[in-house]
Amino acid sequence: MSVAEADQAQAPVDKILEVNNLRMYFPITEGVMIQRKVADVKAVDDISFFMYRGETLGMVGESGCGKTTTGRCILQLEKQTAGDIIFNGRDISTLSRSEMLQFRQKVQVIFQDPYSSLNPRMKIGDIIGEPMKVHGIIPDKEERNRRVAELLSLCGLSPQFSDRYPHEMSGGQRQRVGIARALALNPEFIVCDEAVSALDVSIQAQVINLLEDLRDELNLTYLFISHDLSVIRHLCQRVAVMYLGHMVELAECQELFDNPLHPYTQALLDAVPIPDPTIEKARAHKIVKGEIPSPINPPSGCVFHPRCEKAVAGCSQSIPELREITPGHWVACSEA
């Protein structure tokens, strides 16, 4: 039984997002005048999950595992190769142009780099007010300026910042501007793509607390993409672990950290340093052998089997299905 099928068998819950068998392949072509496809980069390869309204789902994994591509497909910044993305009960691939505009109001994004995601030639007030102007939410300029001041205050900034340019602000302040811009259209769902990874640790804590407060106050739903497991543990209710375009484990946050079942998840958690230097020095470190395979030509069967110390002969033959080991704890490993 798949994640989606198991979810349907449960009592009715308020789901905001369902992703079923999502694939995103980027073609590799050769030739100048006449181009032909020679291969595909399999950035996301058949993943399924769902999200409840008001929760934060963390998505973790190494660089290049498909986390950001998944988020971009949900935002429809990339058109998926295959699979269904259902938001509020509607398949977004079937939406008309006017319905897509409404969808884009409800789904927003906070980018990783708070400097490159802001137009350096625009003042902060114009950056935050632009979405409201484009979508016709608040056509009156004075009323729009008042709303910008409210959003700046909500995100912990003085309304006077509306007359500044991005280069006149610190990294943490710029990221707060990015959050305010994401809130401008009163969204229901926000993709946080490495939203705090470019910030200093002390500023990270402030932004994470802000995101928590906004989630509770505005009933927001976050897909929180990150490689920082300590941030994930603090902010998220559930965690999905990805490796080479595949989802290998999905569980409640505390369950995943206390009882990781997939060898890759175990390796990820083992790599997290312990704050006590004495304990950190004494503990044995497990280093995952080998290199990450190419997404152009991934291994047969389980994509992690060439690096897995628990691999058996069957691991290279068939792709393990994501199966429920204990209630709410899913893992794609035949040996788990």
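Some values worked out for this structure:
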{"read-out": "Contacts under 7 angstrom Cβ, first residue in the range 68-87 being in contact (Cβ under 8 Å) with a residue 60 or more places away in the chain and under 21 Å from ARG53 (Cα atoms), partner surrounded by 18 or more Cβ atoms within 10 Å (Cβ to Cβ) and of a type in the set (S, T, N, Q), 6 or more apart", "value": "ASP84/ASN20"}
{"read-out": "Residue list for the range 95-144, restricted to those being within 23 Å of the chain's Cα centre (by Cα), in a helix (DSSP H, G or I) and more than 29 Å from HIS227 (Cα to Cα)", "value": "MET100, LEU101, GLN102, PRO131"}
{"read-out": "CYS73 surrounded by 12 or more Cβ atoms within 10 Å (Cβ to Cβ), at pLDDT 95 or above and not aliphatic (A, V, I, L, M)", "value": "yes"}
{"read-out": "In the range 101-114, the residues that are touching a helix residue (DSSP H, G or I) at 6+ places or on another chain (Cβ under 8 Å) and without any contact (Cβ under 8 Å) to a residue 60 or more places away in the chain", "value": "PHE103"}
{"read-out": "All positions within the range 26-42 that are surrounded by fewer than 20 Cβ atoms within 10 Å (Cβ to Cβ) and in contact (Cβ under 8 Å) with a residue 24 or more places away in the chain", "value": "ILE28, ALA39, ASP40, VAL41"}
{"read-out": "Verdict on ALA251 being more than 18 Å from THR69 (Cβ to Cβ), buried (at least 18 other Cβ atoms within 10 Å of the Cβ) and among the small types (Gly, Ala, Ser)", "value": "yes"}
{"read-out": "Selection status of SER294, among the hydroxyl-bearing types (Ser, Thr, Tyr), surrounded by fewer than 17 Cβ atoms within 10 Å (Cβ to Cβ) and either over 23 Å from the mean Cα position of the chain (by Cα) or not in a loop (DSSP other than H, G, I, E, B) (or both)", "value": "no"}
{"read-out": "The one condition in (1) among the small types (Gly, Ala, Ser); (2) within 23 Å of the chain's Cα centre (by Cα); (3) over 17 Å from HIS262 (Cβ atoms) that ALA313 fails to fulfil", "value": "(2)"}
{"read-out": "Residue list for the range 266-311, filter: under 20 Å from VAL60 (Cβ atoms) and in contact with a strand residue (DSSP E or B) (Cβ under 8 Å, 6 or more places away or on another chain)", "value": "LEU268, PRO295, PRO298, VAL303, PHE304"}
{"read-out": "Residue count for the range 199-255, restricted to those that are aliphatic (A, V, I, L, M) and not in a helix (DSSP H, G or I)", "value": "13"}
{"read-out": "Sole exception among (1) among the aliphatic types (A, V, I, L, M); (2) in a helix (DSSP H, G or I); (3) modelled with pLDDT of 90 or more for VAL303, by number", "value": "(2)"}
{"read-out": "Selection within the range 256-269 - outside any loop (DSSP other than H, G, I, E, B) and of a type in the set (A, V, I, L, M, F, W, C)", "value": "LEU256, PHE257, ALA267, LEU268, LEU269"}
{"read-out": "Given (1) part of a loop (DSSP other than H, G, I, E, B); (2) without any contact (Cβ under 8 Å) to a residue 12 or more places away in the chain; (3) of a type outside the set (Gly, Ala, Ser), number of the condition THR278 does not satisfy", "value": "(1)"}
{"read-out": "Residue in the range 43-60 that is hydrophobic (A, V, I, L, M, F, W, C), in contact with a strand residue (DSSP E or B) (Cβ under 9 Å, 6 or more places away or on another chain), surrounded by 12 or more Cβ atoms within 10 Å (Cβ to Cβ) and outside any strand (DSSP E or B) present", "value": "no"}
{"read-out": "Within the range 175-192, considering residues that are surrounded by 23 or more Cβ atoms within 10 Å (Cβ to Cβ) and charged (D, E, K, R), the one nearest to ARG121 (Cα to Cα)", "value": "ARG181"}
{"read-out": "Of residues in the range 211-237 being more than 24 Å from GLY61 (Cα to Cα) and in contact with a helix residue (DSSP H, G or I) (Cβ under 8 Å, 6 or more places away or on another chain), the one surrounded by the most Cβ atoms within 10 Å (Cβ to Cβ)", "value": "LEU214"}
{"read-out": "Residues located in the range 320-333, provided they are closer than 29 Å to PHE26 by Cα and buried (at least 17 other Cβ atoms within 10 Å of the Cβ)", "value": "PRO320, LEU322, TRP330, VAL331, ALA332, CYS333"}
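The values are calculated or read from the model by the stated rules, or taken from the named source; none is laboratory data. This is a predicted model, so every value here is computed, not measured. Don't worry about glycine lacking a Cβ; one is built from the backbone with ideal geometry, like all the others, and counts go over all protein chains shown.
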